[in-house]
Each structure stands twice: as structure tokens, then as C-alpha cells.
Amino acid sequence: MAKIIPFNGIRYRGAYEKNLSGLICPPYDVINKQQRKSLTDSAATNFVNIELPVSDASSKKHLQSWLKKGVLAKEKTPALYFYQQEFSLAGKKFKRTGFFAGLELDEKYIHKHEKTIQKHIDHRFELLKTVKVNTSPIFCLFPDKTKTITNFILNTVKKNKPITFKDPDGIINRLWVVTDKAVISELAEKIKKTALVIADGHHRCRTGMLYRDLIESGPSCSDSRGSKIGNRKQKLKNKNQNYKYILSFFCSIEDPGLVVLPTHRVIKAYPDIKEKLANNFTLSPWNGKSKPQIVCYHNGEFSTLTLKDKTFAKKNKLEAEISAIVLNEFLLSAINPENIFFTKDIGEAVKKAHEIEGYAFLLEPPNVNTVFELSQKGKVMPQKTTYFYPKVPAGLVIYSLED
């Protein structure tokens, strides 16, 4: 059973709380150099200084300084944080509703759906050891066909005024701090009966598990590759159980505001790619109107890709529904993910492919129910199979691994 707990969240306070739109930032993995500079230039207290610092030491320095100055403050009472994002996409309006809580790091109940890259885990692990806080949440999905949990959240907050602000992307954010023990207990009971799948934050989740193992095993702890992690000369002390949990945002897969976008791929042309494409796919000119599973762009031409292997879909019905899996299985599996450029923007993908005289593969959005079902069956999909929009920001609520 999945276990959640309330926690004493660290948040921007006072005058800073009234300017959250200029202080929160995207999670680290979607911030580029130009955006990072823009965020740091916009405000000295922008959370990007902690989420994606110039060094781990500087992240800790900013955190300690802001806590001392009252820029940030820890909640006096353990709480859950109900959260809603209202946004527009392709001319339609959406509201995505969920909540923040501490989630027990138990591999039996947390199912991942994407592969991870070791160097990203190593980097976030070093930062976590230094700052000892979860700066941004993992994103968990749960089934709620009867909308029991979503309705419970909405009914709980409808008489309470939220912290509200509009971020730079025009998204309206609403945050409710919930300290009622009865409400917390009831939600914890409801969620522990559900299955959970990580929608976003696989590297953060793995990092949290490594930190938990480090605390419990001490100097003998090894990382996921079997090698020693970091310097063990200083004994790590633990006075609480916070390290067993991770900051998490929870959302129902039935939530009407749950939007999942595809992540397109761009690669350089390698010697046998044309042969591999021809052997595995039927290429046909794309008219720009149909919605095929995969579209390939190369040298100014767009083509639809239709898989030739008809037995794959018969043997792997669910996998065949996910374009990222099909493309990886028959074309990209031999390419290091570090050499693949990922973007959710079609225009950016085409432009990048044109610049490097490479290939852009434009994918259809994956079905979230298919992703959930595959994850429940233990299927790990290619990196960046999904892009849940919008991202949950960093700096809204911080989870401390210490008292």
C-alpha cells in the first residue's frame, strides 16, 4: 500500500509569497542556459538558484541564507498542499487538480515507466546530499474512475481561499495549505488503496532511494552501479524518518486537466540510417493533415513512417500503441540518449534537424491509460516517452529531509 504523510513544507513567505510568479521556476531538467540566466536576472531570490545552482555549495548557501532572512520559512504545522493549475492549450481551457505530500519510497508500490540516465542521477544525488531538501516534486498518477479523491479535494477547499498567482506562462496557480488532521487522515486512507505510477521525476525518485539507502547503510552504501558513493569520512546522522519519503505531486489519470504531450526526437544522420529506415518502415509523403503515429523530417521533406513488422503489434499490443516505443525498438535503440535531442516543440525539432542535416521524428501523444497499464506490468519505456503539461514548478513547496 502506498503511504503518504503531511510535512512541514518550506515556502516563500511575507512579501515574497505575494510575488510567487517571479520566484518559482521550472524543474531543473527543462531549464536551458538562456532561461536560467533570465530567471536569475529577474530576481536575486528566484528559486532557480537552489533548483539548478552554479554549484551544490551555492544551493545550500542560498537556502540557508533565505531561511535566516525570512525569504523562506518552514510550516509550523504538518500539512498537505492541495494544488490546481488552470491553463489554456490549443484554444481549450483546462484545470488540473491534485495535491503535494510526502510519499514513502517503497519500490513495491511505486512503478516507473521511463529509463533513466546515470549521470543525471549522480548529479542530483550530490545536490541532495548537500542541501538535504527535495527542491521539486516527482509527479505521480493514480486511478480514480469514480473521482472519489478528486471530488474529496475539491469539496475540502471550496470554502477556503487559496494562495493564487499567475505565472509567466499565463497559468493560474492555486495552492491550499491543509492542516486538518481528519482531512489528512482520510486522504491518506484513500490513496493507500490505489496503484501509483511515476509520470515525471524518475531521476529524482531514484536519487531519493539512493539517499535513503545511504542513511540506512552508512559508509558501506553503494550506488546503483555497485560503486561507492561520495565521501564516507563523515558519519551521516539521522534524527527522523523524513529521508524515507519524497516530495510528490499526485494527480488522477481521470482528471480532465491531465494533458500529456509527445516529446519529439532529433538525431544526426548516421551511416546506415536510411537502410534501417527502409528495412523497418514504409515511408510515404505526409500531407500535413493526417495524424500518423510517426512523421519523419529530413532534408526538407516530411514522411509518415508505417512499421513493416506486423507481428510486433500482435505480440505487443500496448507497446505498439506508443510511438516512442516503436521508434526506439526499430530505429533508435542503438543510439546513446545523450546524442538525441528532445523537444516538445515541432518547430524546434524541424529547425534543429535542418541545422544539423539530420532527422526529426515527430510523435503522436501517448495515451496515458496505456502508459499506466504498461507501467503496472513492469514495462520501462524509452526516456521522455511522455511530457505532462504543464510542469509542476519548483519552489512552490519544499520538503526537508531534516527536522
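A compact table of results
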{"read-out": "Yes/no for A43 being over 18 Å from V397 (Cα atoms), modelled with pLDDT of 95 or more and more than 21 Å from the chain's Cα centre (by Cα)", "value": "yes"}
{"read-out": "Answer residue from the stretch 264-290, given it is within 26 Å of Y387 (Cα to Cα), basic (K, R) and touching a helix residue (DSSP H, G or I) at 6+ places or on another chain (Cβ under 9 Å) and is surrounded by the most Cβ atoms within 10 Å (Cβ to Cβ) among those", "value": "R265"}
{"read-out": "Members of the stretch 8-23 that are under 25 Å from T343 (Cα atoms) and either of a type in the set (K, R) or touching a helix residue (DSSP H, G or I) at 6+ places or on another chain (Cβ under 9 Å) (or both)", "value": "G22, L23"}
{"read-out": "Count - residues of the stretch 197-219 that are surrounded by fewer than 23 Cβ atoms within 10 Å (Cβ to Cβ) and among the basic types (K, R)", "value": "2"}
{"read-out": "Number of the condition not met by S58 [criteria: (1) loosely packed, with under 12 Cβ neighbours inside 10 Å; (2) farther than 30 Å from A2 by Cα]", "value": "(1)"}
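The values are calculated or read from the model by the stated rules, or taken from the named source; none is laboratory data. Not measured: the values here are computed from a predicted model. No Cβ is skipped: glycine too gets one built from the backbone with ideal geometry, and neighbour counts run over all protein chains shown.
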